[in-house]
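Let me begin by presenting the structure, written as structure tokens, before commenting on it.
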Amino acid sequence: MRARVRERVPVVVQGRGRSGTGVRALWLGAEAFVTCGVLLLLLVVHQLWWTNREARAEALDQVRVLEREWDISPPGDPGDPGESADPGGFGGSGALGDADSSGEPESPSSSGSAVEGGSRSRPAPAPSSAFAVLRIPRLGLTVPVAEGVSKRSVLDKGYVGHYPGTGGAGAVGNFALAGHRNTHGEPFRYINRLGAGDEISVRTRARTYVYRVDLVLSSTSPRDVGVIRAVPRSLVKPSYGYEAPGAYLTLTTCTPEFSSTYRLVVWAKLVPTRG
């Protein structure tokens, strides 16, 4: 009998070559790209939506707290910052503040916040504490005003900050305020829409002061300290500002939007009360 010859069938084993490694690397790269994209989207949502939602809610709660206290407390309580007679401004190297990561002015240094004359008739409000309510009817804005322009304890809470060393609400001098234009409540986002004649009110425990918009400086340097002095006048654009003492209100914020390159300034004058 013939011996059976077993036929061997060749088996081809495909090894992992360069093409397989390349596909895997491409896949990993795509995963990393998608992950980064999702994280970036979440960051944008947090900055543009969540911080605004959170800050606005906190700011409105603070407005309710203040007005509830004022409604049950008699006007003229000692320590009311709205009655300050401080006519001073910033001297030395003081300025609106260097641009920080948020694009908002930081609190001026101690050497730049000295009062140039006069003294406060009442104690200044405690740092970061809310002491007034700002309303701009044309913009539908109602926001608390706190002492100082610190990012963390004032501006990022959706509040408007009062520059230390500037005048009090309703007093002769310059009641100078700063606020975010984008994110964290962005109370000053649309102040570029204000024009001559628009009214702005500031309520304190003692009373409500009404200001009328007079001038708008669409763009100036973040270091233009002149705009928040007692008699405000731009040092960068001297044609903008005032020459005589008065009761002024100054609003400052960043411009253009989502940038900290320049500052937008709105000036208003106190409307005299009758009687």
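Every read-out reported here was derived from the displayed coordinates using simple, explicitly stated rules and does not represent laboratory data. For clarity, every value in this text was computed on a predicted model and none was experimentally measured. Using ideal geometry, Cβ is built from the backbone for each residue, glycine included, and neighbour counts are taken over all protein chains shown.
Spacing of the modelled spin labels on Ser128 and Arg207, each 7 Å from Cα toward Cβ, amounts to 3.3 nm. Residues whose amide H comes within less than 5 Å of that of Gly246, counting only those at least five positions distant or on another chain, are Gly173 (H built at 1.01 Å from N in the peptide plane). If the segment from Thr273 to Phe258 were pulled out straight at 0.36 nm per residue, it would be longer than the present Cα-Cα gap by 1.5 nm. DSSP loop (so not H, G, I, E, B), at most 16 other Cβ within 10 Å: list which chymotrypsin sites (Phe, Trp or Tyr not before Pro) in the range 180-267 pass both filters. Counting only loop positions with at most 16 other Cβ atoms within 10 Å, the chymotrypsin sites (Phe, Trp or Tyr not before Pro) in the range 180-267 are Tyr190, Phe258. A cut-off of 5 Å between modelled amide H atoms, ignoring neighbours fewer than 5 places along the same chain, links Ser128 with Glu147, Gly148.
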